[in-house]
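Novice: Sharing a structure, written as structure tokens. Questions coming.
The values are calculated or read from the model by the stated rules, or taken from the named source; none is laboratory data. If you're wondering where the values come from, they're calculated on a predicted model, not measured in any experiment. Reconstructed Cβ throughout: ideal geometry from the backbone, glycine too, with neighbour counts over all protein chains shown. Surface accessibility is based on the protein's heavy atoms, side chains included, excluding ligands, DNA and RNA. Shrake-Rupley method; radii C 1.70, N 1.55, O 1.52, S 1.80 Å.
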Amino acid sequence: MTTTKTMTKRIFLAAILGIALCMTAGAAKPKLYKLAVKDADGQTVSLSRYKGRVLLIVNTATRCGFTPQYTELEKLYEDFHEEGLDILDFPCNQFGQQAPGTIGEITQFCTANYGTQFAQFDKIDVNGPDASPLFVYLKSQKPFSGFGDTEQGRMMHQMLQRGNPDYCKNPDIKWNFTKFLVDRKGNVVARFEPTADMQAVAEAVRQLIKK
């Protein structure tokens, strides 16, 4: 009788532990796939459609010194799209008002000048009270960690420090063409500031695609 009670107790405890583990695993699932964004036509798009894909998520502008990075982004897309890469382009006018015009005008500019084929979404804010929930989440996963020790990085640091000496102490997006790399399970694995070498970005994408 005692043995039966002991076995029953063990089975009960194992079941409780199993439920707890399942609940923990469920809670640990990336939030990214629960989010939704607006596409260039204003239609709601659930990011769950990108499950199983490697993502490079970028806030962009058409009149920025970093705008020529569209060329390298398009090459990345062409090189790795069939192997599982998607690039999500979010125009943002918060930095020097360098993304003026309607989303239609921006899309036309990008396709005419850079031949972009990857997905472009509606204009958003990435910082402040109206920031896109997607970018709020991305920033929470990968805060700002510096522009790097390059001439361009030092220039960006000096420019932003003049406006806000403590700019580097918050996770905000600092400028156009900040990039977040997301793995096939929805985990945010890297953040690249606009000053990051695009070859380094390409190599990080390549390594993630191979996994």
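Novice: When you look at Lys185, is it open to solvent by less than 60 Å² (accessible area, probe 1.4 Å), part of a loop (DSSP other than H, G, I, E, B) and either touching a strand residue (DSSP E or B) at 6+ places or on another chain (Cβ under 6 Å) or of a type in the set (Lys, Arg) (or both), yes or no?
Specialist: no
Novice: A follow-up question, please. Quick one: which residue in Gly128, Gly52, Gly42 is under 16 Å from the mean Cα position of the chain (by Cα), surrounded by fewer than 16 Cβ atoms within 10 Å (Cβ to Cβ) and not polar (S, T, N, Q)?
Specialist: Gly52
Novice: Right, another one. Do we have any residue at all in region 58-77 that's among the small types (Gly, Ala, Ser) and touching a helix residue (DSSP H, G or I) at 6+ places or on another chain (Cβ under 8 Å)?
Specialist: no
Novice: Let me ask something additional. Would region 131-151 turn up any residue that is of a type in the set (Asp, Glu), in a helix (DSSP H, G or I), within 30 Å of Arg206 (Cβ to Cβ) and open to solvent by less than 50 Å² (accessible area, probe 1.4 Å)?
Specialist: There is no residue in region 131-151 that is of a type in the set (Asp, Glu), in a helix (DSSP H, G or I), within 30 Å of Arg206 (Cβ to Cβ) and open to solvent by less than 50 Å² (accessible area, probe 1.4 Å).
Novice: State which residue pairs qualify: first residue more than 15 Å from Leu88 (Cβ to Cβ) and inside region 51-68, second residue among the acidic types (Asp, Glu) and open to solvent by 40 Å² or more (accessible area, probe 1.4 Å) in any location, beta carbons under 9 Å apart, and separation of 6 or more residues or different chains.
Specialist: Short answer, once both residue conditions are applied: Thr62/Glu105.
Novice: Can you find a residue that is in contact with a His (Cβ under 6 Å, 6 or more places away or on another chain) and of a type in the set (Phe, Trp, Tyr) anywhere in region 128-143?
Specialist: The answer is no, given that none of the residues of region 128-143 is in contact with a His (Cβ under 6 Å, 6 or more places away or on another chain) and of a type in the set (Phe, Trp, Tyr).
Novice: In region 17-39, what count of residues is obtained for those that are modelled with pLDDT of 70 or more and in a loop (DSSP other than H, G, I, E, B)?
Specialist: Counting residues in region 17-39 that are modelled with pLDDT of 70 or more and in a loop (DSSP other than H, G, I, E, B) gives 3.
Novice: Of the conditions (1) within 15 Å of the chain's Cα centre (by Cα); (2) open to solvent by less than 70 Å² (accessible area, probe 1.4 Å); (3) touching a residue at least 24 places away in the same chain (Cβ under 8 Å), Pro100 satisfies every one except a single condition; which number is it?
Specialist: The failed condition is (1).
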